[in-house]
Amino acid sequence: MSELLAHSTALAGRGLRLSRRNVDAVITAMLLPVILMLLFVYFFGGAIDTGTRYVTYVVPGVLILCAGFGSSTTAVSVSDDMKGGIIDRFRSLDIGGAPVLAGHVAASVVRNLISTTLVLGVAFLIGFRPDTSPGAALAAAGVLIAFITAVSWLSAVAGLLARTPEAAGGFTFFVMFLPYPSSAFVPIDTMPSWLHGFAEHQPVTPVIESLRGLLLGQSVGSAPWIALGWCAGLLVVSLALSGVLFRRRAA
Amino acid sequence: MSPHAVADGLAIEATGLEKAYGKPDRRLLGKAGKGRGGGNGEEGAGGRATARAAGQAAGQGAGQDAGQTSRRTTVLCGIDLRVPRGTVFALLGPNGAGKTTAVRILATLTTADRGTARVAGHDVVTERRRVRRAISLTGQFAAVDEKQTGEENLRMMARLSGLSRADAKRRAAELLDTFQLTAASRRLAGTYSGGMRRRLDLAAGLVGEPEVVFLDEPTTGLDPRSRQELWQVVRGLSARGVTVFLTTQYLEEADQLADRIAVLDRGRLVAEGTADELKTRVAGHRLDLVLADEAAYRRLAPRAVHHSAETLTVGLPTDGTAAEVRALLDEVDPHRTDVIRFTLHSATLDDVFLALTEGAGTGEAGTGQATTSTSGGTSTSGGAATTATTTTATAAASDDGKEPARV
């Protein structure tokens, strides 16, 4: 177990060094959510009635978008690894799939936290004023990290599934798409009724509701627990899938 | 790097390794079975001629695709290997002979369908972890991160081999020094030359001080100087008692480095021994004759170990003594009109290799085979080989001839 941890740490360090040097991908992953936030706030925000300032409403959604953009980097780097000879080298050192993917996921989480900070900073500049307690902020961070971790593992799976890094990038489009049919950018009750069922019960909605509630000092009910349940479920499925896929791809 | 005790015994011992890829496809087997069955090399000369003709008619690409995706392709058919500790062993063979598969089985990255293998005293299947701890593999594809510096790559590998942070740093510095990469240690590996990258790759494989080092085509694509440097590294490893198992398609490389050489052709070992032993398996010398006309060429080509229709050259085996050369010339050209010029070569491993791999199908480096590959040579190399020397033209012909049996 301690060996697994040591391997994962060494490989997370690798992942971070690689992302630091993959400047264009990282800048894309960090700047796009900010640009999108500005776009939503200043282009669409005036037309959307959410009962609060739109920037206040939209920030949790943008944080989720960050996870989507970050996930494409993760999928591409996993896929790159599978293509080259380094996996064979790792395997001949008796390092299995788990630490290799864990390294990528850890790097992905760190990248995401940086872009999250960036988004929050810009949001604050354009008028986002959270109303939260330290405990609630911590809980919000917990839910967000859980979501980012789950999405990162899922992206790693996409990276294992894809035969080429380009395809891996495409796989993650759906992760980026998922926030739109949710309460991320517009209240669900403004959507057509046939979409309500999906929008209310898809994984992104409880995550966004928890973040919004916790950051704005509103009551959140069971949303955080549902969100964590979704994240745990996604994580378990991704972990299982990645184990199987890694063995199949690397053999 | 601490020396390993050179104990008696074998570093690698493999018996009856077999491996096939893909699923059997009855429909295709029925159609192409006769022509493509050459994969095993068990047919006679006639069968192989058919296989060659089929391969050429279908075109290389189509032949390979059918082999790879639609039916079971035998890659290794029962090979035995014994490599004493502390020696350098070369597995020599053309592209697609099964070299990489053999290495991957021994390095525990894939499993054989049949047969057993022990590496560093451990079974590659039941004691996989122990084997992995004792070996390193440097494959054909560079296993270093281009976006990490040389030093970062090595430190990461050292950490992954279980060294502490401080030890990893020390070990990386040591290896950078050994492989003359210290000056470039802080540059990204992506900026390295091909030779430097290969050295870094090899160094990365050595952080854990393996007992057995597998090198899969270590010098493919390197310039002559980098190749020489890599050879020095291999000799250095061997001097420290490390067992080196390398694959190569360069005979010179095997000749230069290896204590023992095994020749692999279409999944079968066709010869094994020291470079000198292999050389004596064909006659010590080769008499190359430039002939006056096609008629003489057609008459002599069947008994030649080497021939080129374009230059009307045939090479005949001889022991190289004046008496025998004289007798041979009289015998092949009694009227003294057919032979224009001759040159005498000592046999190279290339001759051995071509003789061995040509004759693999029938077990003799003999007459019927030579005719088959002559026709293959003329039909395939006509346009492409205008500038090629006679040796390479023949090599190309035999390579083309093997196309249907490729993996």
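Got a sec? Which of A:Ala137, A:Ala199, A:Ala141 is without any contact (Cβ under 8 Å) to a residue 60 or more places away in the chain and open to solvent by 20 Å² or more (accessible area, probe 1.4 Å)? Walk me through how you get there before you give the answer.
On the way: A:Ala137 fails: without any contact (Cβ under 8 Å) to a residue 60 or more places away in the chain; A:Ala199 fails: open to solvent by 20 Å² or more (accessible area, probe 1.4 Å).
Result of the check over A:Ala137, A:Ala199, A:Ala141: A:Ala141.
Could you list, in sequence order, the residues of region A:29-49 that are open to solvent by 30 Å² or more (accessible area, probe 1.4 Å) and either in contact with a Cys (Cβ under 7 Å, 6 or more places away or on another chain) or not in a helix (DSSP H, G or I) (or both)?
Matches in region A:29-49: A:Ile48, A:Asp49.
Take B:Thr126 and decide whether it is modelled with pLDDT of 90 or more, in a loop (DSSP other than H, G, I, E, B), open to solvent by 30 Å² or more (accessible area, probe 1.4 Å) and under 22 Å from B:Lys19 (Cβ atoms). Step through it out loud before you land on a result.
On the way: modelled with pLDDT of 90 or more: yes; in a loop (DSSP other than H, G, I, E, B): yes; open to solvent by 30 Å² or more (accessible area, probe 1.4 Å): yes; under 22 Å from B:Lys19 (Cβ atoms): yes.
Spelling it out, B:Thr126 is indeed modelled with pLDDT of 90 or more, in a loop (DSSP other than H, G, I, E, B), open to solvent by 30 Å² or more (accessible area, probe 1.4 Å) and under 22 Å from B:Lys19 (Cβ atoms).
So that you can scan it fast, the table gives a plain yes or no per residue for (1) outside any loop (DSSP other than H, G, I, E, B); (2) modelled with pLDDT of 90 or more; (3) surrounded by fewer than 24 Cβ atoms within 10 Å (Cβ to Cβ):
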{"position": "B:Ser136", "(1), (2), (3)": "yes, no, no"}
{"position": "B:Ala142", "(1), (2), (3)": "no, no, yes"}
{"position": "B:Glu152", "(1), (2), (3)": "yes, yes, yes"}
{"position": "B:Met157", "(1), (2), (3)": "yes, yes, no"}
{"position": "B:Gly162", "(1), (2), (3)": "no, no, yes"}
{"position": "B:Asp167", "(1), (2), (3)": "yes, yes, yes"}
{"position": "B:Ala172", "(1), (2), (3)": "yes, yes, no"}
{"position": "B:Gly190", "(1), (2), (3)": "yes, yes, yes"}
{"position": "B:Val207", "(1), (2), (3)": "no, no, no"}
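Among (1) open to solvent by 30 Å² or more (accessible area, probe 1.4 Å); (2) of a type in the set (S, T, N, Q); (3) in contact with a Leu (Cβ under 7 Å, 6 or more places away or on another chain), where does B:Thr318 come up short?
Only one criterion in (1) open to solvent by 30 Å² or more (accessible area, probe 1.4 Å); (2) of a type in the set (S, T, N, Q); (3) in contact with a Leu (Cβ under 7 Å, 6 or more places away or on another chain) is unmet by B:Thr318, namely (1).
Among B:Asp201, B:Asp177, which is the only one that is modelled with pLDDT of 90 or more, surrounded by 23 or more Cβ atoms within 10 Å (Cβ to Cβ) and among the acidic types (Asp, Glu)? Even if it seems obvious, please write down each step before you answer.
Details: B:Asp177 fails: surrounded by 23 or more Cβ atoms within 10 Å (Cβ to Cβ).
Matching residue, one of B:Asp201, B:Asp177: B:Asp201.
Since A:Trp230 meets every condition but one in (1) of a type in the set (Phe, Trp, Tyr); (2) under 15 Å from the mean Cα position of the chain (by Cα); (3) in a loop (DSSP other than H, G, I, E, B), which condition does it not meet?
(3)
Of the residues B:Ala304, B:Ala322, only one is at pLDDT 85 or above and not assigned by TED's automatic domain parsing to the domain that holds B:Arg104; which?
Details: B:Ala304 fails: at pLDDT 85 or above.
Selected residue: B:Ala322, the only one of B:Ala304, B:Ala322 that is at pLDDT 85 or above and not assigned by TED's automatic domain parsing to the domain that holds B:Arg104.
Looking at (1) open to solvent by 10 Å² or more (accessible area, probe 1.4 Å); (2) closer than 25 Å to B:Asp255 by Cα; (3) hydrophobic (A, V, I, L, M, F, W, C), which is the one condition that is false for B:Leu91?
Just one mismatch for B:Leu91, condition (1).
Could you tell me which of the residues B:Leu278, B:Leu287 is outside any strand (DSSP E or B) and open to solvent by less than 10 Å² (accessible area, probe 1.4 Å)? Outline the logic, then answer.
Details: B:Leu287 fails: outside any strand (DSSP E or B).
Testing whether each residue is outside any strand (DSSP E or B) and open to solvent by less than 10 Å² (accessible area, probe 1.4 Å) leaves just B:Leu278.
Give region A:167-176 a look and list any residue that's in contact with a Ser or Thr (Cβ under 9 Å, 6 or more places away or on another chain) and either in a loop (DSSP other than H, G, I, E, B) or not small (Gly, Ala, Ser) (or both), or say none. Walk me through it before giving the result.
Taking region A:167-176 as the starting set, the residues that turn out to be in contact with a Ser or Thr (Cβ under 9 Å, 6 or more places away or on another chain) are A:167-173, A:175-176.
Correct list: A:Phe171, A:Thr172, A:Phe173, A:Val175, A:Met176.
For A:Pro179, only one of the following conditions fails: (1) in a helix (DSSP H, G or I); (2) closer than 24 Å to A:Ala25 by Cβ. What is its number?
Here A:Pro179 meets the rest and fails (1).
Within region A:84-102, identify whether any single residue is open to solvent by 20 Å² or more (accessible area, probe 1.4 Å), within 20 Å of the chain's Cα centre (by Cα) and at pLDDT 90 or above, and answer yes or no. Outline the logic, then answer.
At the first step, the residues of region A:84-102 found to be open to solvent by 20 Å² or more (accessible area, probe 1.4 Å) are A:84, A:88, A:91, A:93-94, A:96, A:98, A:102.
Checking the rest, the ones that are also within 20 Å of the chain's Cα centre (by Cα) come to A:98, A:102.
Retained after the next criterion (residues that are at pLDDT 90 or above): A:102.
Yes, that holds for at least one residue.
Condition check: surrounded by 24 or more Cβ atoms within 10 Å (Cβ to Cβ), within 11 Å of another protein chain (Cβ to nearest Cβ), more than 21 Å from the chain's Cα centre (by Cα) and assigned to a loop (DSSP other than H, G, I, E, B). Does B:Val131 satisfy that? If you could, list the steps in order and put the result at the bottom.
Working: surrounded by 24 or more Cβ atoms within 10 Å (Cβ to Cβ): yes; within 11 Å of another protein chain (Cβ to nearest Cβ): yes; more than 21 Å from the chain's Cα centre (by Cα): yes; assigned to a loop (DSSP other than H, G, I, E, B): no.
Against the criterion (surrounded by 24 or more Cβ atoms within 10 Å (Cβ to Cβ), within 11 Å of another protein chain (Cβ to nearest Cβ), more than 21 Å from the chain's Cα centre (by Cα) and assigned to a loop (DSSP other than H, G, I, E, B)), B:Val131 does not qualify.
Are there any pairs with C-beta distances below 8 angstrom linking a residue in region B:146-161 that is of a type in the set (Asp, Glu) to a residue that is surrounded by fewer than 24 Cβ atoms within 10 Å (Cβ to Cβ) and not in a helix (DSSP H, G or I), with the two at least 6 apart or on different chains, and if so which?
Short answer, once both residue conditions are applied: B:Glu146/B:Leu188; B:Glu151/B:Ser185; B:Glu151/B:Arg186; B:Glu152/B:Asp145.
Mind listing whichever residues of region B:209-218 are more than 9 Å from chain A (Cβ to nearest Cβ) and not in a loop (DSSP other than H, G, I, E, B)?
B:Val212, B:Val213, B:Leu215, B:Asp216
Select from region A:2-35 the residues that are closer than 19 Å to A:Leu63 by Cβ and at pLDDT below 85 and list them in ascending order.
A:Val26, A:Ile27, A:Thr28, A:Ala29, A:Met30
Within region A:1-28, how many residues are open to solvent by less than 80 Å² (accessible area, probe 1.4 Å) and more than 14 Å from chain B (Cβ to nearest Cβ)?
Residues in region A:1-28 being open to solvent by less than 80 Å² (accessible area, probe 1.4 Å) and more than 14 Å from chain B (Cβ to nearest Cβ): 1 in total.
Just the residues that are of a type in the set (A, V, I, L, M, F, W, C) and not in a loop (DSSP other than H, G, I, E, B), please, taken from region B:301-321. Quick ask: steps written out before the conclusion?
If we filter region B:301-321 for residues that are of a type in the set (A, V, I, L, M, F, W, C), which is where we start, we get B:301, B:304-305, B:309, B:312, B:314, B:316.
Those that are of a type in the set (A, V, I, L, M, F, W, C) and not in a loop (DSSP other than H, G, I, E, B): B:Ala301, B:Val314, B:Leu316.
Among (1) more than 25 Å from A:Ile145 (Cβ to Cβ); (2) more than 10 Å from every other protein chain (Cβ to nearest Cβ), which single condition is A:Ala98 missing?
(1)
Name the single residue that is most open to solvent (accessible area, probe 1.4 Å) among those in region A:207-251 being over 29 Å from A:Leu138 (Cα atoms), among the small types (Gly, Ala, Ser) and touching a residue at least 40 places away in the same chain (Cβ under 8 Å).
Filtering region A:207-251 for residues that are over 29 Å from A:Leu138 (Cα atoms), among the small types (Gly, Ala, Ser) and touching a residue at least 40 places away in the same chain (Cβ under 8 Å), the one most open to solvent (accessible area, probe 1.4 Å) comes out as A:Gly243.
In the list B:Val144, B:Val131, B:Val88, B:Val83, which residue meets the criterion of being touching a Phe, Trp or Tyr at 6+ places or on another chain (Cβ under 7 Å) and not assigned by TED's automatic domain parsing to the domain that holds B:Ala355? Talk me through it step by step, then tell me what you get.
On the way: B:Val144 fails: touching a Phe, Trp or Tyr at 6+ places or on another chain (Cβ under 7 Å); B:Val131 fails: touching a Phe, Trp or Tyr at 6+ places or on another chain (Cβ under 7 Å); B:Val88 fails: touching a Phe, Trp or Tyr at 6+ places or on another chain (Cβ under 7 Å).
From the options B:Val144, B:Val131, B:Val88, B:Val83, the qualifying one is B:Val83.
The values are calculated or read from the model by the stated rules, or taken from the named source; none is laboratory data. What you see is a predicted model, and the numbers here were worked out from it, not measured in a lab. Because the Cβ atoms are built from the backbone with ideal geometry, glycine has one as well, and the counts that use them run over all protein chains shown. SASA here: full protein model, heavy atoms, side chains in, ligands and nucleic acids out. Shrake-Rupley method; radii C 1.70, N 1.55, O 1.52, S 1.80 Å.
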